[in-house]
Amino acid sequence: MNTQERLERVTNAFRTRFGAEPSSWCRAPGRVDLMGSHTDYNLGYVMTMTVDRDTWLAARPRGDREVHVASLNLPGSAQFSLDDIQPAGDSELRWTDYIRGVAKVLQEAGHRLAGFDGLIHSTIPLGSGLSSSAALEMATAIAFQELSGFHLDTVEMARLGQRAENQFVGVNCGILDQYSSALGRAGAALLLDCRDLTSLDVPIHPDIGVVICDTKAPRQLIGTEYTDRRRQCEAGVRVLQQRQPEISSLRDVSIDVFQRYQQDLPPAVAQRCRFIIEENSRVLELKDALPHGDRQKLHHLLHASYVGARDLYEIAVPPMEAMMNAMLQGPGVIGARQAGAGFGGCMVALVEADHVERFASGVAEAYTRATGLQPSIYPVVAAPGAGLLLA
Ligand code: ADP
Ligand code: MG
């Protein structure tokens, strides 16, 4: 579906549902991490890149204090008053909590909101680690600004989206997804500092393609496993802090300091901490390798990230291992690793740009042979951060 077809599809569906055409078109992209798994909530670094798959929110002012929304990706719809924002209750309508939550935090931050009719359409796979939830939050925040007539600082918009997801939806995510969707740039990855909430553009060498390899393996246990990992990292910080009081997150711990005190940590906690500390330094190393296209270095960094994620952080599941094997044998592969939080979902490969098509078909075939699953494999390029689709 090209952009024109997508516009027509959403316009027609909007007209059918709301009896008029939308007046505002808001969009926010998904994203993929090229390095930095689970480093965001440890206030470290991530090399993140927006992708050219995004969520649209077509909207039209209502003139009252109600929000009516539907999605072309999931069943059900929501109608709620801005004067009394409650969670949906019904699990089928949980997706509407992302919208309710953004409305709630925006109001709590002092913004006066206007009601709207809205229709959502996304080309980001839902629940696969490319941050469809953050894209939905950012598209919603753009729509409220556009229709209510106020302007948010972009970093503040990301923070509020994270707050909505943490406090209203009840997902204890870090800032990475919202920051990337809000501040991502066309044509470059971002080196994000999750403590300072600043980022640096890192261009990717033009001969290198970025390919998403979606295992299509359902992500299971992700909620509890994610919470366990966070707790283990926090437990590690508490012990290390007793040795060196200036340590407030794993971001502050060098590998030397870690090695000095690692025997004081329970073994599982030490494993988790080691991964985060090493992953942070890999992100910083990638900053130089990516623009120069240093193939050997890229291969080594991505591979070490996967091995650490599998053996130390233990977020790999068998379909990811099968995908990793397929990617490493794919024509033109430079490097490959996990993406998102792990436990299934998407992975990512750097591939010689002129081999991308052959890589995609070779990997799909090998992965299906190994698992019986039909993956989804496609190249992506860095797209602009959240904003208006049509000004
Ligand atoms: P990810 O952010 O990696 O895609 P999450 O589990 O964090 O995975 O978020 C996915 C959830 O976000 C979906 O299950 C749904 O509730 C909501 N969501 C995201 N995009 C849409 C959409 N286009 N329409 C409706 N709900 C969506
Ligand atoms: Mg998400």
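The values are calculated or read from the model by the stated rules, or taken from the named source; none is laboratory data. No experiment lies behind these values; they were computed from the predicted model shown. Backbone-built Cβ (ideal geometry, glycine too); neighbour counts: all protein chains shown. Only protein heavy atoms, including side chains, enter the accessible area calculation; ligands, DNA and RNA are left aside. Shrake-Rupley method; radii C 1.70, N 1.55, O 1.52, S 1.80 Å.
Just a few scattered comments:
- Hydrodynamic radius (Kirkwood) for the stretch 93-245, which is based on Cα pairs only, to one decimal in Å: 17.5 Å
- With the simple spin-label model, which puts each label point 7 Å out from Cα in the Cβ direction, the Glu108 to Ala235 separation comes to 2.9 nm.
- The long axis of helix 132-148 is offset from the longest Cα principal axis of the chain by roughly 40 degrees.
- GNM flexibility winner over the chain from Ser361, Ser122, Ser305 (Cα, springs under 10 Å): Ser361
- Unit charges on C-beta of K, R, D, E only; dipole of the chain, Debye: 320 debye
- Rounded to the nearest Hz, the phi-derived 3J(HN,Hα) couplings of the stretch 371-388 under the Karplus curve 6.51 cos²θ - 1.76 cosθ + 1.60 (θ = phi - 60°) are 10, x, 8, 9, x, 10, 10, 8, x, 10, 10, 5, 10, x, x, 4, x, 8, where x marks glycine and proline.
- For the chain, the longest principal axis of the C-alpha atoms and the axis of helix 96-108 are separated by about 80°.
- Antiparallel %, DSSP beta bridges [both residues in the chain], to 5: 90 percent
- Using the 1.4 Å probe convention, the accessible area of the chain works out to 40 Å² per residue with neighbouring protein chains retained.
- Once the convex hull of all Cα atoms in the stretch 208-380 is built, its volume per residue stands at 111 Å³.
- Total formal charge among the other residues, if their Cβ is under 14 angstrom from that of Ser24, Lys/Arg +1 and Asp/Glu -1: 0
- Mean separation of Cα contacts under 8 Å (6+ apart) over length of the chain, as relative contact order %: 23 percent
- Net +/- balance of residues flanking Leu284 in space, Cβ distance below 13 Å, scoring K and R +1, D and E -1: -1
- Where only C-alpha atoms are counted, convex hull volume of the chain per residue in Å³: 139 Å³
- With a simple spin-label model that places each label point 7 Å from the Cα along the Cα-to-Cβ direction, the separation between Leu373 and Leu74 comes to 2.1 nm.
- Peptide ranges 306-315, 139-148, 79-88, 111-120 listed from the most packed, as the mean C-beta count within 10 angstrom indicates: 139-148, 111-120, 306-315, 79-88
- Rounded to 10°, Cα long-axis angle of helix 295-311 versus longest principal axis of the chain: 90 degrees
- Separation between Cα centres of the stretch 114-187 and the stretch 1-77, rounded to whole Å: 9 Å
- Prolate/oblate/rounded call for the stretch 293-342, Cα gyration tensor, a/c under 1.5 rounded: oblate
- Here the stretch 182-262 yields Rg over Rh of 1.09, to two decimals, using C-alpha coordinates and the Kirkwood radius.
- Size of electric dipole in the stretch 208-380: Cβ of Lys, Arg +1 and of Asp, Glu -1, about Cα centre, debye, nearest 20: 300 debye
- Computed in the context of the full set of protein chains, the accessible area of the chain at 1.4 Å probe radius has 47% of its extent on carbon or sulfur.
- Charge dipole of the stretch 208-380 about the Cα centre (unit charges at C-beta), most positive-ward option of His292, Thr371, Met327: Thr371
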